[in-house]
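J.: The structure is given below, and queries will be raised subsequently.
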Amino acid sequence: MFISVLRRAFSLHKPHSITEMENTLQLVRNIIPPLTTKKHKGQDGRIGIVGGCQEYTGAPYFAAISALKVGADLSHVFCTREAAPVIKSYSPELIVHPVLDSPSAVRDVETWLPRLHTLVVGPGLGRDNVLLENVKGILEASKARDVPIIIDADGLWLIAQHPALIHGYRKAVLTPNHGEFTRLSDAVLRDLVDGSDHREAVRRLSQALGNVTVVRKGERDVMSDGEHVLECAHEGSSRRCGGQGDLLSGALGVLVHWALHAGPEKTNGSSPLLLAALGACSLTRQCGHQAFQKHGRSTTTTDMIAEVGPAFRRLFET
Ligand SMILES: NC(=O)C1=CN([C@@H]2O[C@H](COP(=O)(O)OP(=O)(O)OC[C@H]3O[C@@H](n4cnc5c(N)ncnc54)[C@H](O)[C@@H]3O)[C@@H](O)[C@H]2O)[C@@H](O)CC1
Ligand SMILES: Nc1ncnc2c1ncn2[C@@H]1O[C@H](COP(=O)(O)OP(=O)(O)OP(=O)(O)O)[C@@H](O)[C@H]1O
Ligand SMILES: [Mg+2]
């Protein structure tokens with residue numbers, strides 16, 4: 001029974017045996033840090049989310065709370081002044097910094113960078129030019145400190161305008177949805193790629209961006225580091241409500257930290273970022289599946305977030 005779940009869950013570039021699929025899942029399990037009495041607060045993840053503006057307060061909340069529910073210890077949100085009280089009011093568990101529209105935004109975030117393991121840039125960021133300029137500075141400062149960066153939503157809008165911001169940074173993961181993928185491909189690929197060949201399209205985009213890891217979300221999630229390609233077709237739900245991508249980006253923030261921290265003996269030569277991506281995609285889809293079983297058409301992202309714990313156990317701890 002579990003084997004059939006696996007068969008549905010993972011399909012790799014070429015047909016692989018069930019044993020190989022199980023090995024891939026095992027590698028994701030390998031990166032998960034054990035829960036012990038010997039740790040101090042913060043060790044299992046201090047994640048920063050850059051986003052949250054007048055229009056969008058839900059997206060950064062979804063990403064930040066998902067990071068905590070997956071297993072991070074601390075989740076910070078760097079948002080605009082007026083978005084901050086709204087986001088704080090959703091949850092006492094988030095640390096919220098109202099700095100993103102301040103003239104000292106880059107310095108303010110930079111102060112926190114040494115204390116963050118990963119930065120998720122873009123959920124609910126919006127496209128205001130002042131904010132995007134500040135985010136450019138935050139990206140440069142994060143790269144200089146070698147902080148892993150997940151870029152989603154309006155962060156990808158910025159990358160489509162200025163691909164050089166992320167080109168060649170090997171600790172970056174981009175998580176475009178359908179529209180964002182098209183925008184990025186139009187911006188950085190010279191010649192057209194066969195639109196029906198998603199694997200090749202994702203591999204080409206990753207290569208064109210200097211081998212940053214790209215995760216294209218959709219009916220199947222396709223991810224590549226420009227060399228290897230993985231696919232996740234784990235059963236999810238047919239509800240396409242907003243916020244599911246934010247859940248994914250927050251989860252990925254934690255898993256990227258765990259994967260990089262685990263070291264090569266745990267990842268067995270596989271790309272840690274690809275393993276983290278596969279883990280985040282399967283987890284998001286499993287949350288959708290479980291939430292849909294309970295709530296059907298009324299399923300929303302909040303219902304999915306309530307499933308993070310049980311979904312994580314089912315996928316990675318059984
Ligand atoms: N509750 C919230 O605060 C939420 C805020 N969100 C934020 O909303 C902002 C905009 O994100 P969107 O994902 O809507 O991005 P876009 O503004 O690029 O897309 C707008 C809509 O057009 C559709 N679309 C775009 N390009 C398309 C194409 N080529 N073909 C077909 N459909 C296409 C998308 O499905 C989307 O529904 C981001 O900051 C995002 O984080 C979303 O994360 C959803 C939840
Ligand atoms: N057609 C589909 N069938 C099944 N799952 C899907 C489908 N499209 C997207 N998903 C899943 O939904 C999750 C979010 O992807 P989606 O494309 O909705 O992101 P998004 O548009 O960025 O979301 P958000 O509203 O948070 O911005 C991913 O885990 C993806 O696997
Ligand atoms: Mg999105």
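J.: Can you name the helices (runs of 4 or more DSSP H) wholly within region 105-219 that have at least 3 residues being touching a residue at least 60 places away in the same chain (Cβ under 8 Å) and within 19 Å of the chain's Cα centre (by Cα)?
T.: Once the helices (runs of 4 or more DSSP H) in region 105-219 are filtered for at least 3 residues that are touching a residue at least 60 places away in the same chain (Cβ under 8 Å) and within 19 Å of the chain's Cα centre (by Cα), what remains is 153-161.
Here is a yes/no grid of residues against (1) at pLDDT 95 or above; (2) under 23 Å from residue 195 (Cβ atoms); (3) among the hydroxyl-bearing types (Ser, Thr, Tyr):
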residue	(1), (2), (3)
227	yes, yes, no
242	yes, no, no
247	yes, no, no
253	yes, no, no
260	yes, no, no
263	no, no, no
273	yes, no, no
276	yes, no, no
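Yes/no per residue for (1) within 16 Å of ligand 3 (Cβ to nearest atom); (2) acidic (Asp, Glu); (3) under 15 Å from residue 83 (Cα atoms):
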{"residue": "99", "(1), (2), (3)": "no, no, yes"}
{"residue": "104", "(1), (2), (3)": "no, no, no"}
{"residue": "109", "(1), (2), (3)": "no, no, no"}
{"residue": "112", "(1), (2), (3)": "no, no, no"}
{"residue": "126", "(1), (2), (3)": "yes, no, yes"}
{"residue": "134", "(1), (2), (3)": "no, no, no"}
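J.: Using the structure shown, decide if residue 97 is away from ligand 1 (no atom under 16 Å from the Cβ), assigned to a strand (DSSP E or B) and in contact with an Asp or Glu (Cβ under 9 Å, 6 or more places away or on another chain).
T.: Yes: the conditions hold for residue 97.
J.: If you don't mind, another one. Residues to consider are 257, 261, 234; find the one that is within 16 Å of ligand 2 (Cβ to nearest atom) and more than 14 Å from residue 175 (Cβ to Cβ).
T.: The unique qualifying residue is 234.
J.: Follow-up. Would it be correct to say that residue 110 is modelled with pLDDT of 95 or more, out of contact with any strand residue (DSSP E or B) (no Cβ under 7 Å at 6 or more places or on another chain) and within 16 Å of ligand 1 (Cβ to nearest atom)?
T.: Considered against the rule, which asks whether it is modelled with pLDDT of 95 or more, out of contact with any strand residue (DSSP E or B) (no Cβ under 7 Å at 6 or more places or on another chain) and within 16 Å of ligand 1 (Cβ to nearest atom), residue 110 comes out as no.
J.: Considering region 267-318 alone, what residues qualify as being over 21 Å from residue 72 (Cβ atoms), within 16 Å of ligand 3 (Cβ to nearest atom) and in contact with a Phe, Trp or Tyr (Cβ under 9 Å, 6 or more places away or on another chain)?
T.: none
J.: Something else about it: Which pairs do you get when a residue that is over 13 Å from residue 175 (Cβ atoms), found in region 280-292, comes within reach of a residue that is in a helix (DSSP H, G or I) and acidic (Asp, Glu), reach meaning Cβ atoms under 8 angstrom, with the pair 6+ apart or on two chains?
T.: 291/303
J.: If you don't mind, there's one more thing I want to ask. Provide a single number: the residues in region 210-252 that are more than 21 Å from residue 123 (Cα to Cα) and of a type outside the set (D, E, K, R).
T.: The total comes to 13.
J.: A further question on this structure: Does region 244-275 hold any residues that are without any contact (Cβ under 8 Å) to a residue 12 or more places away in the chain and in a helix (DSSP H, G or I), and which are they?
T.: Once the filter is applied, which keeps residues that are without any contact (Cβ under 8 Å) to a residue 12 or more places away in the chain and in a helix (DSSP H, G or I), region 244-275 yields 264, 265.
The values are calculated or read from the model by the stated rules, or taken from the named source; none is laboratory data. Since the structure is predicted, the reported quantities are computational estimates derived from the model, not experimental observations. Backbone-built Cβ (ideal geometry, glycine too); neighbour counts: all protein chains shown.
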